[in-house]
Amino acid sequence: MATNISLKQNSEERLSRRVFLMTGCTALTGFGSLVTFGPAGVAQDSASKPATAQRPVISQQSLNGLRNASQRLITQSRDSFDRGLVPLVDHLDQFSLAANLNLRVASSQKNRETQLEWHRLQVRNLEGVTTQLERFQQPASAGWEADVLLARLSLAQAQSRLAAFEGRTNTVTSAQRAIIDLARQHWDKRLDDAGVGHATPMQLWRAAGLAFASENRTLDADRNFLVQAIQATDRWNLAGIGIGRDDVRDAFRFELTRVDLLAAKPGTESFNTQAQRAEASAKKLFDSISQFQSQGTASVYDLAAAWRQRQELHSFLKENQPEPLPAEWQQRRSNDLRQLGRLATQTTDRRGRTAADISYVELLSLTELTMADNTSVVK
């Protein structure tokens, strides 16, 4: 048992940095921070609180609602991906949100059998995704080879987590070697694609981040990449090129504020300043994507993913500073979630990827409602 615990802790430590830094790649690391579950089956908020403080408690009815919503998202997202309607990264993110939520619930209930079931489900899903991409066999298709490598990398990470959970030391070691190799191959292939205009700046950032994380590179590597990306997108914006449009520029700026926040020491004035910058950048990113979504050039998923980034930011801040978040920050987050909810309910054509995107919003809304800071008991 001690070996199992040690393996799991080491695996989480290696992967945890990228959770907050790259929310868009949460699917690839396997650990989200939307909610944290405590002992005895009690779901808790992610803020650091004294042991004597009353923590939010989720009823069995609410947990059942979360499970049903997550299963609906998994089914619809995979169906849309199988039909070529959802990009690989979107599906990985949607699947991980649902799967990791269920893993955390099972962990809080000390239900190892259910945890094992969900770890295996993640592996099976990624095996299916990888096989489907490999069978496509279209090297001339833009980004296909890089996507295959990304799927294999995601599968290796899931296999590593499963092996760590089961205490299979040798498998964990071999999986970690595969992760490093695949991350580098994926990064190299994205660079090749970028050279012929087949990789977006955000795809490059995700690939670079995964490679840096697998090699345990310092935050300086992330920051240097982002500074160059911002300079490039500024130039593309001035030239009127689409890959330099405002939401892309704002996305890179937000990523840079997260790197700077991670580099600051909690409790210092620098940390507080960087937190304010990150909050302002997260809000600007959401507003920017909202404008493109209203024009039909960004999806509901894009907007929901931006909102989730702010939720991740707030969770991170709660864990690293004693003061509560400013009320206006939380109010803005609630207002933007209501905007997402209206978009979801007002959508009449719910076929294809739209069904998965709406389910993604619904699960985010359920999670936020259930884990509201002022909720002591959810009935």
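The values are calculated or read from the model by the stated rules, or taken from the named source; none is laboratory data. This is a predicted model, so every value here is computed, not measured. Positions of Cβ are generated from backbone atoms using ideal geometry, with glycine treated the same way; all protein chains shown enter the neighbour counts.
The residues in region 348-361 that are within 20 Å of Ile74 (Cα to Cα) and surrounded by fewer than 18 Cβ atoms within 10 Å (Cβ to Cβ) can be counted, and the count is 4.
Of the residues making up region 103-112, just one is closer than 13 Å to Phe165 by Cβ and crowded, with 22+ Cβ neighbours inside 10 Å, namely Leu103.
Evaluation of Glu312 against the conditions (1) over 20 Å from the mean Cα position of the chain (by Cα); (2) under 26 Å from Leu88 (Cα atoms); (3) charged (D, E, K, R); (4) at pLDDT 90 or above shows that the sole unmet condition is (1). Here Ala106 clears all of (1) touching a helix residue (DSSP H, G or I) at 6+ places or on another chain (Cβ under 6 Å); (2) touching a residue at least 24 places away in the same chain (Cβ under 8 Å); (3) among the aliphatic types (A, V, I, L, M) except the condition numbered (2). Of the residues examined, Asp220 is not one that is of a type in the set (Asp, Glu) and at pLDDT 95 or above. Going residue by residue through region 136-145, is there one that turns out to be touching a helix residue (DSSP H, G or I) at 6+ places or on another chain (Cβ under 9 Å), assigned to a helix (DSSP H, G or I) and crowded, with 22+ Cβ neighbours inside 10 Å? No, the conditions are met nowhere in region 136-145. Kindly indicate whether Ala280 is under 21 Å from the mean Cα position of the chain (by Cα), surrounded by fewer than 19 Cβ atoms within 10 Å (Cβ to Cβ), of a type in the set (A, V, I, L, M, F, W, C) and assigned to a helix (DSSP H, G or I). Taking the combined requirement at face value, the residue satisfies it.
Annotation: Ala264 fulfils all but one of (1) surrounded by 15 or more Cβ atoms within 10 Å (Cβ to Cβ); (2) touching a residue at least 12 places away in the same chain (Cβ under 8 Å); the unmet one is (2). Out of Asn125, Asn100, one residue alone is within 15 Å of the chain's Cα centre (by Cα), surrounded by 20 or more Cβ atoms within 10 Å (Cβ to Cβ) and in a helix (DSSP H, G or I). It is Asn100. Among the residues of region 206-240, those identified as in contact (Cβ under 8 Å) with a residue 60 or more places away in the chain and within 19 Å of Leu92 (Cβ to Cβ) are Arg206, Ala207, Gly209, Leu210, Ala213. Filtered by the rule that a residue be assigned to a helix (DSSP H, G or I) and polar (S, T, N, Q), region 103-122 gives Ser107, Ser108, Thr114, Gln115, Gln122. Restricting attention to region 311-331 and to residues that are among the charged types (D, E, K, R) and crowded, with 17+ Cβ neighbours inside 10 Å, the residue that is farthest from Glu368 (Cα to Cα) turns out to be Lys318. Out of Leu73, Leu116, Leu85, Leu92, one residue alone is at pLDDT 95 or above and more than 17 Å from the chain's Cα centre (by Cα). It is Leu116.
For first residues located in region 121-150 and within 26 Å of Arg161 (Cα to Cα) and at pLDDT 95 or above, partners that are polar (S, T, N, Q) and surrounded by 12 or more Cβ atoms within 10 Å (Cβ to Cβ) and lie 6+ apart or on another chain with Cβ distances below 6 Å form the pairs Val123/Gln159; Leu126/Ser154; Leu149/Gln185.
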